[in-house]
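The values are calculated or read from the model by the stated rules, or taken from the named source; none is laboratory data. Please read these numbers as outputs of a predicted model, since none were measured by experiment. Neighbour counts run over all protein chains shown; Cβ positions are idealised from the backbone, glycine included. Side chains included, ligands, DNA and RNA excluded: accessible areas come from the protein's heavy atoms. Shrake-Rupley method; radii C 1.70, N 1.55, O 1.52, S 1.80 Å.
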Amino acid sequence: MFSLIFAVPALLLFGFLRQETPGSAAATLVNPVRPTAESQAHAKAIYGYDCAMCHGANGNGKGDLVEELKLTEIKDFTDPAALKGVPDGELFYAIKNGKGKMPGEGDRAKPDEIWNMVILVRSFAKK
């Protein structure tokens with residue numbers, strides 16, 4: 001009984017605190033990068049090495065490994081609706097840290113490179 005006196009208030013306190021997912025703070029980030037032809041060429045090269053195998057060369061979600069790895073949640077970035085309502089910060093977080101079966105770039109890419117990748121991914125819907 002004595003331990004309940006201490007446990008119940010602690011549980012209530014933690015229950016009322018807002019639980020944030022790691023990406024929710026990142027979702028509020030604003031892309032600070034202004035793309036250049038050079039930075040976008042670099043982003044496209046990284047995309048070609050690391051992303052196109054699943055996301056497709058043009059971002060349509062039909063990369064060579066989709067069937068083999070049984071990937072069912074790949075978005076078609078050529079569809080403007082695919083990223084509607086998805087903030088740049090959320091894309092940054094997913095590229096950096098990964099999402100689902102997708103590994104993240106982690107420390108292999110500098111923040112500016114990831115922000116340029118966000119710009120590149122968004123550009124697929126504009127073509």
- Message: Can you give me the distance in nm between label points at ASP112 and THR72, each placed 7 Å from the Cα along the Cα-to-Cβ direction?
- Response: 4.2 nm
- Message: Using a 1.4 Å probe on the protein heavy atoms, what percent of the accessible area of segment 19-124 belongs to carbon and sulfur?
- Response: 56 percent
- Counting other Cβ atoms within 10 Å, which GluC sites (Glu not before Pro) in segment 45-116 have at most 10 and lie in a DSSP loop? GLU67, GLU68, GLU73
- Query: With θ set to phi - 60° and the Karplus curve 6.51 cos²θ - 1.76 cosθ + 1.60, what are the ³J(HN,Hα) couplings of segment 97-111 in order, to the nearest whole Hz, using x for Gly and Pro?
  - Reply: 9, x, 7, x, 7, 7, x, x, 6, x, 8, 5, 10, 6, x
